[in-house]
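Trainee: Just passing along the structure, written as structure tokens.
Derivation of every value follows stated rules applied to the coordinates shown; laboratory data play no part. Since the model is a prediction, treat every value here as computed from it, not as a measurement. Backbone-built Cβ (ideal geometry, glycine too); neighbour counts: all protein chains shown.
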Amino acid sequence: MRPEFDCKKYFFIIFALVAGLLAFQMAIPEVSYSAEKEKKIPEPFNMVKTGESAAVVFTHTTHAVDAKIKCTECHPKMFKMKMGKTGEKNPITMAAMEKGEFCGKCHNGKDSFGTKDEKNCVKCHSVK
Ligand code: HEC
Ligand code: HEC
Ligand code: HEC
């Protein structure tokens, strides 16, 4: 004798599977999204030197996370997304910054600490 196909039972099992899968999907993306974002934000690094000066440390987290500056405000127009690449064609100099280029776009004494004040040099040139 062929057992009768239990529609209700199978419907219930499939329903439970789909519901479980949906709940899982909804819980996961947030976790993987923030993990991916964290992975993409580089660790603090020393900038490639333009000339004679103490090396500059650039910290992504203070800019992109704490100060909430969008990646696109700095990349790719102001800074290339590759260490040392920006200065290859257009040297990153203090003179350029004083005209509002590179870090000087914001580090102008108004939006953030400026580049001319002697006591600010070490804030960026922090590696002896
Ligand atoms: C305030 C400006 C600023 C912001 C905002 C910013 N970056 Fe950068 N980023 C830089 C500078 C400066 C460099 C170094 C460029 C150079 O050396 O030519 C850099 C380099 C990089 C590099 C290359 C690192 C390497 O090892 O070569 C990556 C990747 C990067 N940034 C990703 C990001 C992402 C992702 C965001 C947004 C979450 C972001 N950046 C936001 C300024 C910024
Ligand atoms: C907002 C960050 C910042 C501040 C403040 C700053 N600098 Fe710089 N400076 C840089 C960066 C970035 C470079 C390019 C990378 C490098 O050479 O390490 C640079 C490069 C330089 C250079 C070599 C290129 C050139 O222009 O001749 C000298 C010298 C220099 N800085 C001196 C100073 C002095 C002196 C002060 C303070 C009066 C100062 N900097 C303040 C970020 C800064
Ligand atoms: C789009 C605007 C912007 C640009 C471009 C920018 N900064 Fe900043 N920076 C900020 C703001 C906003 C803060 C946090 C508020 C403050 O300290 O004034 C900050 C903070 C800092 C600090 C103190 C906190 C820390 O990270 O130790 C340093 C050092 C610094 N920036 C260096 C640099 C250097 C070097 C560059 C260029 C390679 C640069 N910034 C480019 C906006 C900017």
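Trainee: So how do Phe113, Phe5, Phe79 line up by other beta-carbon neighbours within 10 Å, fewest first?
Mentor: Phe5, Phe113, Phe79
Trainee: I've got another one for you. With +1 on each Lys and Arg Cβ and -1 on each Asp and Glu Cβ, and nothing else charged, work out how big the dipole of the chain is about its Cα centre, in Debye to the nearest 20.
Mentor: Result for the chain is approximately 240 debye, rounded to the nearest 20.
Trainee: Val48 to Lys99: extension gain in nm, 0.36 nm per residue of separation minus the Cα-Cα distance?
Mentor: Contour length minus the Cα-Cα distance gives 16.3 nm.
Trainee: Can you sort Phe45, Phe15, Phe102 from fewest to most other Cβ atoms within 10 Å of each residue's own Cβ?
Mentor: Phe15, Phe45, Phe102
Trainee: Okay, next question. Can you tell me which of Met83, Met47, Met26 moves the most in a GNM of the chain? Springs connect C-alpha atoms under 10 Å apart.
Mentor: Evaluated over the chain, the most mobile residue of the options is Met26.
Trainee: Between Tyr10 and Val65, take the C-beta separation as r, use R0 = 30 Å, and let me know the FRET efficiency to the nearest 0.05.
Mentor: Rounded to the nearest 0.05, the efficiency is 0.05.
Trainee: Moving on to the next point. Classify the stretch 84-128: rounded, prolate or oblate, from the alpha-carbon gyration tensor (a ≥ b ≥ c, eigenvalue square roots; a/c under 1.5 rounded; otherwise prolate if a/b is larger than b/c)?
Mentor: oblate
Trainee: Excluding residues on the same chain fewer than 8 positions from Lys116, give the lysines whose Cα lies under 16 Å from its Cα.
Mentor: Lys99, Lys105
Trainee: Still on this model: Under a point spin-label approximation (7 Å from Cα along Cα-to-Cβ), what is the Thr72-Ala23 distance to one decimal in nm?
Mentor: In this crude label model, Thr72 to Ala23 measures out at 3.8 nm.
Trainee: Also, I was wondering about something else. Have a look at Ile13, Ile69, Ile92 and tell me which one the Gaussian network model of the chain (Cα, springs below 10 Å) gives the largest fluctuation.
Mentor: The residue that fluctuates most here is Ile13.
Trainee: Please report Rg (one decimal) and Dmax (integer) in Å for the Cα set of the chain.
Mentor: Calculated on Cα positions, Rg and Dmax stand at 26.1, 95 Å.
Trainee: Another question about this same structure. Taking loop as defined by DSSP and a crowding limit of 10 other beta carbons within 10 Å, which trypsin sites (Lys or Arg not before Pro) in the stretch 59-92 fit?
Mentor: Within the stretch 59-92, the qualifying trypsin sites (Lys or Arg not before Pro) (loop, at most 10 other Cβ atoms within 10 Å) are Lys68, Lys70, Lys77, Lys82.
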